[in-house]
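Taking it in order: structure first as structure tokens, then the write-up.
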Amino acid sequence: MDNLTDLKAILHSKRANIYYLEKCRVMQKDGRVLYLTEAKDENLYWNIPIANTTVVMLGTGTSITQAAMRMLASAGMLVGFCGGGGTPLFMGSEIEWLTPQSEYRPTEYVQGWLKFWFDDSQRLQVAKAFQQARIDYIQQIWRKDRELKAENIFIDDSAIASALDSYRNGIASAEKTGDLLQREALLTKQLYRYAAQATQYSDFSRDHDATDLANGFLNHGNYLAYGLAATTLWVLGIPHGFAVMHGKTRRGALVFDVADLIKDAIVLPWAFVCAKETMTEQEFRQQILQKFTEHKALDFMFEQVKQAALNPPLSAGDAEGRTAPGAVFEGLGEGK
């Protein structure tokens, strides 16, 4: 493309690719961004379609040139340095993102976000709306995904229906974010247990440092979701520190809030399915990215954050006539 601004023509919510690279060199060559892999007998160059990519994650053994970073920034991409396998604890912390600089991102969303964020009760209402949307998305995706049904994962199973109904009722009665976090942890354990039983993955215990396939795939898929969440917030111009649920003092916590909208619906069940089928990390990654695209995960994140910023739910006495963020995900993706 002659005009670098054309690289941003595809909306982030419509881009198809996330790249995880390792043991290679990323560079600019002939107006394109390539990565070079060194084999014993030859060096191979591979093109990165930057206009249709949201995130590049650089794993172990990678380097990148200044010219390549300039082109990635011109396409509005996020670049993340991470550990091996795309499951970073980089410098003992969460993933580190290099965000392209732009003075032309919209201001309305961060201004709307800050209007409610400093009010504890309104921030709690947005956290509740996110959790309601999370349940709605699980129900929507598990109900229509035929491949999940073929793996014996059904949304109308009595155990899942009961767990989601109980969590939905618990959301309404929560008086602080700590209550939400406790109930969320219980729901997630129930979902782990159900998915492990459905896929006959015996003796599963969630451990971020474990080496079994299911735990590794959960880590890997979650960090891909964090990449989508970070992209969403960057495009809308909302800093990652303004979290609604994971803690006001944890840098980057809003990334976790937004990623939680889609993790249980997509990453969690497919981590167990792919582990049962002993897929490679690359095969798992492709499966997750395909499902992100199929179920319009990035569209869903954008709509929830936009609605929370521009039309945040109010307390029960003031909320008449307002649309909660969780109510807008049906039929997303065509008009943005």
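The values are calculated or read from the model by the stated rules, or taken from the named source; none is laboratory data. In this text, all values refer to a predicted model and were calculated from it rather than measured experimentally. Here the Cβ is made from the backbone with ideal geometry for all residues, glycine too, and neighbour counts use every protein chain on show.
Just wondering, is there one or more residues in the stretch 158-171 that are touching a residue at least 40 places away in the same chain (Cβ under 8 Å) and surrounded by 14 or more Cβ atoms within 10 Å (Cβ to Cβ)? Yes, the stretch 158-171 contains at least one residue that is touching a residue at least 40 places away in the same chain (Cβ under 8 Å) and surrounded by 14 or more Cβ atoms within 10 Å (Cβ to Cβ).
Selection of first residues in the stretch 199-221 that are in the same structural domain as V273 (by TED's automatic domain parsing) and more than 12 Å from K276 (Cβ to Cβ) and of second residues that are outside any loop (DSSP other than H, G, I, E, B) and β-branched (V, I, T), restricted to Cβ pairs under 7 Å at least 6 apart or on distinct chains, gives the following pairs, ordered by first then second residue: L218/V267; G221/V267; G221/I288. Beta carbons closer than 8 Å, at least 6 apart along the sequence or on distinct chains, never pair a first residue in the stretch 227-249 that is outside the structural domain of R15 (by TED's automatic domain parsing) and farther than 27 Å from R285 by Cβ with a second that is assigned to a loop (DSSP other than H, G, I, E, B) and at pLDDT 90 or above. Filter the stretch 277-303 down to residues that are more than 15 Å from A225 (Cα to Cα) and not β-branched (V, I, T) and give me whichever is surrounded by the most Cβ atoms within 10 Å (Cβ to Cβ). The residue in question is E303. Listed by first and then second residue, the pairs linking a residue in the stretch 1-12 that is buried (at least 17 other Cβ atoms within 10 Å of the Cβ) to a residue that is modelled with pLDDT under 55, with Cβ atoms under 9 Å apart and 6 or more places separating them unless they lie on different chains, are L7/M1. Taking first residues from the stretch 267-278 that are farther than 13 Å from F204 by Cα and touching a residue at least 24 places away in the same chain (Cβ under 8 Å) and partners that are part of a helix (DSSP H, G or I) and of a type in the set (K, R), the Cβ contacts under 8 Å between residues at least 6 apart in sequence or on separate chains come to W270/K291.
Here is the figure for the stretch 192-230: residues that are over 16 Å from the mean Cα position of the chain (by Cα) and either of a type in the set (D, E) or surrounded by fewer than 23 Cβ atoms within 10 Å (Cβ to Cβ) (or both) total 23.
In the stretch 245-256, is there at least one residue being closer than 21 Å to D136 by Cα, touching an Asp or Glu at 6+ places or on another chain (Cβ under 7 Å), modelled with pLDDT under 90 and of a type in the set (G, A, S)? Checking the stretch 245-256: not a single residue is closer than 21 Å to D136 by Cα, touching an Asp or Glu at 6+ places or on another chain (Cβ under 7 Å), modelled with pLDDT under 90 and of a type in the set (G, A, S).
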